[in-house]
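*Asks:* Right, I'll just put the structure down here and ask away after.
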Ligand SMILES: [Zn+2]
């Protein structure tokens, strides 16, 4: 974080300061220069707001949402983006709802065992209390399990210059919008939908089929409880009759 100065709070400032340092540290190596150029390509893909790099504009935060069904790689994508921020020497904090303790109580974990340190909090107020004043990037996994207060909170964080990255399910087990994800998607600058593979036909899967008898909206589980389905193979009505 040091050396980035005040402009370090926006994505552009961080990358702009970081890339030349990479090139300098590998001075005459063509391979390293190519690697640095590759990094720049990643930046171009990741930062959709080139005006954030302008030295004449104050740095500002923004909100990104990664969403889709279960097994679609949401958490992997969240972790990838948070690791990019860490490589850029940004101060990162990751959070997850305390309700989700399937894999690890102190990490955001994927189904495949990939993890990153995270703080488990019971609600949005607790999350806000844990965000430190100099944090530049906040990651939130399983955002659909937070209360409605998460929407105002991430808006306030972004307004004060923090980049907020959220991952969460867009639909519940009946295919209904899973609040507060619709609100978060609406206020986000950047939304990425990711897809799993339908367990029945192999098409891109946008739904999470519950395969065990359980009527509550929240049933935290893995592949023993859910499988990815496409629109055609998803059995909403059959499950609705049991609820
Ligand atoms: Zn299908």
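*Asks:* Within 19 Å of the chain's Cα centre (by Cα) and at pLDDT 95 or above: which single residue out of 179, 199 fits that description? Break it down stepwise before answering.
*Replies:* On the way: 199 fails: within 19 Å of the chain's Cα centre (by Cα).
Of the residues listed, the single one that is within 19 Å of the chain's Cα centre (by Cα) and at pLDDT 95 or above is 179.
*Asks:* When region 158-172 is examined, which residues are found to be buried (at least 18 other Cβ atoms within 10 Å of the Cβ) and either more than 16 Å from the ligand (Cβ to nearest atom) or within 12 Å of the chain's Cα centre (by Cα) (or both)?
*Replies:* 158, 162, 163, 164, 165, 166, 167, 168, 169, 170, 172
The values are calculated or read from the model by the stated rules, or taken from the named source; none is laboratory data. In this text the structure is predicted, and so the values were computed from the model without any measurement. All Cβ positions, glycine included, derive from the backbone under ideal geometry; neighbour counts span all protein chains shown.
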